[in-house]
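Student: Could you have a look at this structure, given as C-alpha cells, before my questions?
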Amino acid sequence: MLSYQHAYHAGNRADLHKHDMLARVLAALTRKARPITYMETHAGRGLYDLTAPEALKTGEAAQGILSADLPPGPYADAVAQARALHGPNAYPGSPLIARSLLRDQDRLHLMELHPGEHAALKAALKAPGTAIHKRDGLEGVLALSPPTPRRGLVLVDPSYEVKSEYQAIPTFAKKLIGKWPEACILVWYPILPDGRQNQLVEAFAALPHERHEVAFDLGRDKGMTGSGMIGVNLPHGWDRP
C-alpha cells in the first residue's frame, strides 16, 4: 500500500512486541557461527525520529517506547545503539534492528516499494552486505529464495490496509516454505475488534507454527486492541531471557 508510512506509528506498543520477538529470533540464529540471510517484505524507512510531526500527531510512541523500561537483551541493545548513533529521539525500525544484531558474514535483502520510504531506507542503511530492493515484497522474497546463505529469516510486516493481505500472507508463507523449506518466517498482524485477523491465523493451521499475542488499550474507539506474531521454523531457544 503506497499511502502507508510507518512514521506515524513508529515505536508504538505493537512495535515493542514485534521488534522484541524479532531481536530474540535473530539472537538465537546468530548463536551459531554459520552465516544467515535476513529478508523483509515491507521494510519501511529503517530509522525514525520520535519528535517528527508524524510521531507527535498520533502520540503512539509516547504510549510505547518512550514510556517503556526495556529489559536487558538484544532489543534493548539495538535501541541503545540507534540512540548512540542518531540521538536520543531515534527509533530503529526492523531493518536497523536486524543490521545491528547481524554480523559481517550475514546478508540482508530489504524490500520497500514506497518511493519516499525506499529513498529514506537507502540513506539510513548503507552497510556492506545489505541489498535494498524497490519491488513488491512478497514477489521479491519469493524470487530471491532460496538465498545464499541458506539459513535465514524472513520478516513479513505489511500494513494490512488492503484487506486481501489477510489471505495473501498465508499463501505467500506456504509458497516460500515450498521453495525454501528451512526458512524461518515471522509474520506480524494486528488484533482488531472485528476479528478479521482470524482468517490469517486460521490459514496458518496448515503449517507448523508458534503464535504469540499481546493485548493493549490505545484509548481509541477504533483501531488495534493488540499485536500478534506467527513464527514458522523458529530456532530452538529463541524465547530465552
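Student: Can you tell me which residue in region 210-221 is farthest from Met21 (Cα to Cα), limited to those that are assigned to a loop (DSSP other than H, G, I, E, B) and either open to solvent by less than 30 Å² (accessible area, probe 1.4 Å) or modelled with pLDDT of 95 or more (or both)? If you could, list the steps in order and put the result at the bottom.
Tutor: From region 210-221, those assigned to a loop (DSSP other than H, G, I, E, B) are 216-221; that's our starting set.
Those still in the list that are either open to solvent by less than 30 Å² (accessible area, probe 1.4 Å) or modelled with pLDDT of 95 or more (or both) too: 216, 218.
Numbers: Phe216: 17, Leu218: 21 Å.
Top of the filtered list is Leu218.
Listed here are the residues, each with its yes/no results for (1) touching a helix residue (DSSP H, G or I) at 6+ places or on another chain (Cβ under 9 Å); (2) open to solvent by 70 Å² or more (accessible area, probe 1.4 Å).
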{"position": "Gln197", "(1), (2)": "yes, no"}
{"position": "Phe204", "(1), (2)": "yes, no"}
{"position": "Leu207", "(1), (2)": "yes, no"}
{"position": "Gly223", "(1), (2)": "no, no"}
{"position": "Asp239", "(1), (2)": "yes, yes"}
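Quick grid of which residues meet (1) modelled with pLDDT of 95 or more; (2) closer than 19 Å to Ala10 by Cβ:
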residue: Leu96; (1), (2): yes, yes
residue: His114; (1), (2): no, yes
residue: Leu142; (1), (2): yes, no
residue: Glu182; (1), (2): yes, no
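Student: Of everything in region 151-167 that's closer than 24 Å to Gly46 by Cβ and without any contact (Cβ under 8 Å) to a residue 40 or more places away in the chain, which residue is surrounded by the fewest Cβ atoms within 10 Å (Cβ to Cβ)?
Tutor: Out of the qualifying residues, it is Glu165.
Student: Anything in region 110-134 that is closer than 25 Å to Pro181 by Cα and more than 17 Å from the chain's Cα centre (by Cα)? List them, or say none.
Tutor: Residue satisfying the conditions is Gly129 alone.
Student: Right, another one. If you check every pair at least six apart or on different chains, which have Cβ atoms under 9 Å apart with a residue in region 28-54 that is farther than 18 Å from Gly11 by Cα first and a residue that is of a type in the set (Asp, Glu) and modelled with pLDDT under 95 second?
Tutor: As it stands, the answer is Ala28/Asp239, since those pairs meet every condition given.
Student: Could you tell me whether region 169-177 includes any residue that is more than 17 Å from the chain's Cα centre (by Cα), open to solvent by 10 Å² or more (accessible area, probe 1.4 Å) and over 17 Å from Glu40 (Cα atoms)?
Tutor: No, region 169-177 has no match at all.
Student: Okay, moving on. Being assigned to a loop (DSSP other than H, G, I, E, B) and under 22 Å from Leu26 (Cβ atoms) is true for just one of Pro193, Pro158. Which residue is that? It would help to see each step written out before you state the result.
Tutor: On the way: Pro193 fails: under 22 Å from Leu26 (Cβ atoms).
Criteria check complete, one pass: Pro158.
Student: Taking region 135-168, which residues are more than 16 Å from the chain's Cα centre (by Cα) and of a type in the set (A, V, I, L, M)?
Tutor: Leu142, Ala143, Leu144, Val162, Ala168
The values are calculated or read from the model by the stated rules, or taken from the named source; none is laboratory data. As the structure is a prediction and not an experimental result, all values here were calculated from the model. Ideal geometry is used to build each Cβ from the backbone, glycine not excepted, and the neighbour counts take in all protein chains shown. For the accessible areas, the whole protein counts, side chains as well, though only heavy atoms, and no ligand, DNA or RNA atoms are used. Shrake-Rupley method; radii C 1.70, N 1.55, O 1.52, S 1.80 Å.
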